[in-house]
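One structure is given here, and the rest of the page talks about it.
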Amino acid sequence: MSVLLFLTNILLFSSITTNSGQSLIKFTEQTLNKLRLTPASVSKSTSYVDFALLNEYQCAIECVKDQSICTGYAYDATKKMCSLYEDSTRKLDSDIIKIREEVQSNVCDKMNCKSGAICVDYDSSGRKVATCVCLNGQSTPDDCDKIETNVWTDFNDWSVCSVTCGEGYRFRKRQCLAANDRTQKLSSDQCIGKDIEIQPCDITHCPVYGPWTPWTPCSTFCGIGFKQRNRSCNPPGSNCGNYTDEQRACGEANCQRVAGIKQTEAEKFPLKGYLAIREGDILCVPQNSSSMAKHMADLVCKSIGLVRGAQYAFLNPIRFNSTCYPGILCDGTEKDFYDCKYDRSLASSDIKELFAVVARCIVDGGFSSWTQWSTCSKPCGTGQMTRSRLCNNPSPSIPEPEITLEDPLLAGKNCTGDYTQVKTCNEQAC
């Protein structure tokens, strides 16, 4: 009976019969204890065989199978070593005797085959006969070690590494040839060994991305724009891939597109004051932004319909009680104020480091409406009627006395045309 039959279930001691007619022996841990020798009882018994087994249950089974001698066993789980003992003074438990009565000896148990062969029992005229059978297919047990194997060619050269940098692998292969015909190629399973060898390989350290640059200012401060950042590959000249730049959406989708002049002297000098954005927040910029301030002023003036831009722009310190709107940056290429960029990081700047943009738009004079015609100067004999208009709609932006314009042409232009019109009336004779 095969050893595996005993390992199927070790929950209790009983005998059951399978559908195939095989008898399976099952026994409990309590039954094992009746064969397991304690350290004290080992010293009184004689060990007559030692061999390696996977677990204690197999060791117990070997003791049960050896019906003539074994009275107990000891198993070293660390060394996986089973020792069977004989003690003529020890009386076996009735459960062990009953198990042995049910165990039929196998003719192969006492057969020792040569290396390269296994024992097979078969029926011969109604009885079991133990026979050693060669694993290599030879006809007699004496020929088990006579193996004619096919041969390998030499390995070919190693392949290139599987990666261009870092840790990868490489391989080399060989071919199986027939032993009696070296020109005949065979599948690898007809030779002993493997047809491929694999080993690790390490080329160089892989290039890595450097740190990201700071985000660029948003491409627009009003509406949805984009911002960008970049990074390079280290070492320089190497290739890390295509992820060297990144863009994200930014801006405010529902912002108020309002920019203008927060006038400081509306009656005396119209359209002079602070550049303002949104709901009158004063536009503020860094101290070294004089040229940008003039460009901003031009754009703001044009955005409110004054196509000639600003007469001037200069920077004033921000008052602590003023509402400041920082972060808008113009580089001089914009055609519209709302094309300027927005750098959110400047929103946290110290107000003491920011300056307001004071500017005045160029206003060319415009005529007012004509007055009503005057009454005729004569009741008869051809008289005259007159009407007039002023250049105050709007009045031209005359520079303030304390302001010296870099270019006189930046002053507002007076109106061109007639200020007064005359026509005849009452042309009938008196």
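Observations on the model:
- Each residue in the stretch 172-201 was checked for being open to solvent by 80 Å² or more (accessible area, probe 1.4 Å) and under 42 Å from the mean Cα position of the chain (by Cα), and 4 pass.
- In the stretch 365-417, the residues that are in contact with an Asp or Glu (Cβ under 9 Å, 6 or more places away or on another chain), part of a loop (DSSP other than H, G, I, E, B) and more than 30 Å from Y312 (Cβ to Cβ): C380, G381, T382
- Top-ranked residue of the stretch 281-315 - restricted to ones that are among the hydrophobic types (A, V, I, L, M, F, W, C) and open to solvent by 60 Å² or more (accessible area, probe 1.4 Å), ranked as farthest from K335 (Cα to Cα): F314
- Whichever residue in the stretch 77-124 is open to solvent by less than 80 Å² (accessible area, probe 1.4 Å), part of a loop (DSSP other than H, G, I, E, B) and among the small types (G, A, S) and, among such residues, is modelled with the lowest pLDDT: S124
- Search result, residues across the stretch 352-399 that are under 60 Å from the mean Cα position of the chain (by Cα) and exposed (fewer than 14 other Cβ atoms within 10 Å of the Cβ): K352, E353
- Conditions (1) open to solvent by 60 Å² or more (accessible area, probe 1.4 Å); (2) under 30 Å from Y338 (Cα atoms); (3) basic (K, R): number failed by K227: (1)
- A count restricted to the stretch 42-66 and to residues that are in a helix (DSSP H, G or I) and either within 19 Å of S94 (Cβ to Cβ) or under 59 Å from the mean Cα position of the chain (by Cα) (or both) stands at 10.
- Filter pass, Y325 being under 17 Å from G223 (Cα atoms) and of a type in the set (F, W, Y): yes
- Residue match in the stretch 40-50 (condition: over 29 Å from K128 (Cα atoms), surrounded by fewer than 17 Cβ atoms within 10 Å (Cβ to Cβ) and free of Cβ contacts under 8 Å to residues at least 24 places away in the same chain): yes
The values are calculated or read from the model by the stated rules, or taken from the named source; none is laboratory data. From a predicted model like this one, the values you see are computed outputs, not experimental measurements. Using ideal geometry, Cβ is built from the backbone for each residue, glycine included, and neighbour counts are taken over all protein chains shown. In case anyone asks, the SASA skips ligands and DNA or RNA and just uses the protein heavy atoms, side chains included. Shrake-Rupley method; radii C 1.70, N 1.55, O 1.52, S 1.80 Å.
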